[in-house]
Amino acid sequence: MSQMMEKSTESPSEDRASFKSNGSIKSDEKLSTDGGTKLGRLRSFRKSIQHATQKSPLSSVKGSKVTSKSDTPTNESDSAASPPPPSPSLSTGSPATPLKNNQKKEDDEADASFRISKPLTRSKTDPGTSKFTNSFMKRGASIRRSLKMVTKKDTDKVSTKSISEASVEEDMEEKEEEEVLREEIEDCYVLPSIPLTPLSVMEINKLIETGELEEAHLNLLALRQEFQQQPESCSDDSAMELATREKDLNLLYGTMRKKFSDIVCDPLSDKNKNLLLQMARVIQEEEKRLSEPGGLKDSWMEAWRESVSAGVQVKVQSVHLDRVEQNSAWLAVHLGLLGKVIVEDLENVKQELRWSYPPSFKVFSTYVRGYNRVVAQHLKKLEQQVTELKDFYGLLDWIINKYKSERIMGSLSLQPDIQDESTDLQLEENFLKQVKEKYCRRMQEELRMIQGRVIELENEEVWKDGKAPKKEDNFPISSFPIDILTSVKSFVLNSIKLDAQLEKKVVSSCLEELKQFPNGKHMEEYKETCKDGVNGFQKAVDSLIDKLVRDLEDQFKEDVKSYLRRMMTRKWLTNDEDFDQLYSRTKLLSQHCSLMMPPQAKAFASKLHYHVVIEYIGQLMKSNYSCKNRKHEKAATKIRHQWNKLSDLFEDMKSNNEWLYHVGDDLSNIIGQKNTSDIKNHLQPVIENYPDFSKKHLVAVLYFRGLIRGHEHQLILRRLTALKREGNIASSDRNQVLFSNMQVTVNTNCLSNFPYSCFSFLMPDN
């Protein structure tokens, strides 16, 4: 290497001679006639040539993606005197120690196998293609252009500005040229010849430690071949030697695996960056030989991925983290720094590291997956330290919004590569749900403290100091409800930014906490000193609660009106859409009920329970549909199923109207009877449970069943009359009115052939 460095610093005279021999500039005599300014430019130009010569590349390893500026020879004489080319599987700048048992022919074959791109296929010493000559020609052309533009008239006006601009342009050209040369390493390669006799175990171990990975691996393969061939020719007494060789192989492979892990954990360091391609070739070769004896049993590629994750973990753990007691913004600061580290590391992978691997390694994808997994584990540890509401919110916001945003995984600097990658954090199942639940519980505690401060402030300003309340339109007003409402609104608005489902949970949690607020005002203790005031306050609160309940009740009735009207129709029998809408809205109502105090909740549920029953069963009384062709059995089954679903909801809502639960089953039994003669035997339950069930209601039910007229129809009506006359309804509460509040529609078509006496039961006094 020292010889190579010496050849990279040639004398200025040699540079000038080489430059002039290529015809890059005019003669000194020509330049001298253009005045002193041009001579000054020439001196500056010569200095730039000297600078370029010192920076010129001396050699180019064809297996590399990026040609190092220190590796290309300046001319053929230097190339002839330079050391032998390094092993073809070595990356740029890696140690060039040749194999002791390799022949020159093997080196040449390996060198040819690593030619990876068309721009690098020509000879490295060809002056027409060398990077030095290209840079040389560009610099000369730039100077010639600048010299031609200078005339005698404006010679004195030339400043150093044009020279500096030319220098910037040249630097940009060099950068662009370097980017053109940066191409992917090919997956395909030719393994150099394996030596016939391997080095000793100690020598191979030394090669691994010093980073001469290719030579170490070739000797390992030679040692492995000896191990594989030995059982065929050895005697029984050499089993101990075979076991020793297997142990040596395992130790050496373990050492190499450990070396790879160290390289991957710090890949961009000066000593490791040049070893990446060697490591990748070893991994590729070992993956091919995974099933052969003498090597490690587990996947080298998978071990490499684990090492990537280990390196990512080191990066994540190195991010500064204050203790909670040191800094109240500890989590926000840490997450901000963490995001910055993630972006910077992935930028390095995208711009530098991935060019040191063959494409099959999918380096960028592997690092992205590594961060998704490692960061998720890191967040779980952080969550255990979170206690404040703002930190719970900050953690959720970082997970849900910021990690995928332009700040981190969506960063413009990672485009377009990141577009094809999954950026979902690999969180444990239910972890996010648990954090949301903790956030809501902490928010309830915060709201409770806010209410407590409001009560204390009210006690100070109103009750203790006796200040007169402010009035607006002659009504007393207070700022305390506004304070609470503002807090609740901020909680809800913040939750919307995180998740729609979380918004619902936050609203529910706030309402749950607000239910306790009136109890926290302790108004009863002031009843003795201000009885009228406390009673007036209580009446006002009760009035507001009643109004709220009525509004909710009216809203529900309006929402379900259209769906209830379409029950017991032809469409209802074949389609569940209307009932599903009725059920979903009733279920939503039950959720509202759970947020009320028990007395109000029961009264509210009981009212709406009665309304749904009246409207649902009432559709039978409107004679909108009559079952034909034995469809009454299907209709009865459907009524019973839907009735049970609705009853379960109102039971969960703690409705006081338990006596309403039977009506659906009682009427289903009448409608579902296969033989009309059996209907008479199922009238008793409905009469006992609902004394106001009359003949007109029975006629409507029979019409829906499909029994419109006939002898059996008359017998059923007579049986109802007899049962009601017997008066076996003592156990029923006559105050429980149901059918009397249902409007009955008489179908004239079915009654047109009846004698007048049959209509007597429709008279008001009957």
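Of K539/K645; K362/K404; K638/K724; K470/K539; K340/K436, which pairs sit farther than 32 Å apart, going by alpha carbon to alpha carbon? Distance filter (> 32 Å) returns K539/K645. Note on S543/E658: beta-carbon distance plugged into 1/(1 + (r/R0)^6) with R0 of 30 Å gives a FRET efficiency of 0.55.
What FRET efficiency would be calculated for the residue pair C188, E292, taking the C-beta separation as r and a Förster radius of 30 Å, to the nearest 0.05? So the FRET efficiency works out to roughly 0.90.
The coefficient of translational diffusion for region 339-439, derived via Stokes-Einstein from the alpha carbon Kirkwood radius under 25 °C and 0.890 mPa s, stands at 169 µm²/s. If R0 is 45 Å, the Cβ-Cβ spacing of Q434 and V737 corresponds to a FRET efficiency of close to 0.35. Rg and Dmax of region 259-327, based on Cα coordinates, read 16.4, 57 Å.
Packing here is the average count of other Cβ atoms within 10 Å per residue, and on that basis the peptides 373-379, 488-494, highest first, run 373-379, 488-494.
Selection among Q415, L382, L395 by position relative to the dipole of region 352-415 gives Q415 as farthest towards the positive end (Cβ unit charges, Cα centre). The packing ranking of peptides 542-550, 563-571, 497-505, highest mean first, is 563-571, 497-505, 542-550, where packing means the average number of other beta carbon atoms within 10 angstrom of each residue. Between R373 and E347, the simple spin-label model (points 7 angstrom out along Cα→Cβ) gives 2.7 nm. Modelled this way, with points 7 Å down the Cα-to-C-beta line, the labels at D648 and R550 are 3.5 nm from one another.
Modelled spin-label separation between K390 and Q326, with each label point placed 7 Å from Cα along the Cα-to-Cβ direction: 1.9 nm. L715 label point, 7 Å along Cα→Cβ, cut-off 11 Å on backbone N: hits in region 666-698? In region 666-698, the label zone of L715 (backbone N under 11 Å from the point 7 Å along Cα→Cβ) covers 676-681. For region 615-630, backbone phi angles converted through the Karplus equation (6.51, -1.76, 1.60; θ = phi - 60°) give residue-by-residue couplings of 6, 5, 5, x, 5, 5, 7, 9, 6, 7, 8, 10, 6, 10, 6, 6 Hz, Gly and Pro being listed as x. In terms of distances greater than 19 angstrom between alpha carbons, the cross-link table entries K402/K497; K571/K607; K557/K602 yield K571/K607.
Throughout, read-outs are computed from the coordinates displayed, never taken from laboratory work. Please read these numbers as outputs of a predicted model, since none were measured by experiment. Glycine also receives a Cβ, built like all others from the backbone with ideal geometry; neighbour counts cover every protein chain displayed.
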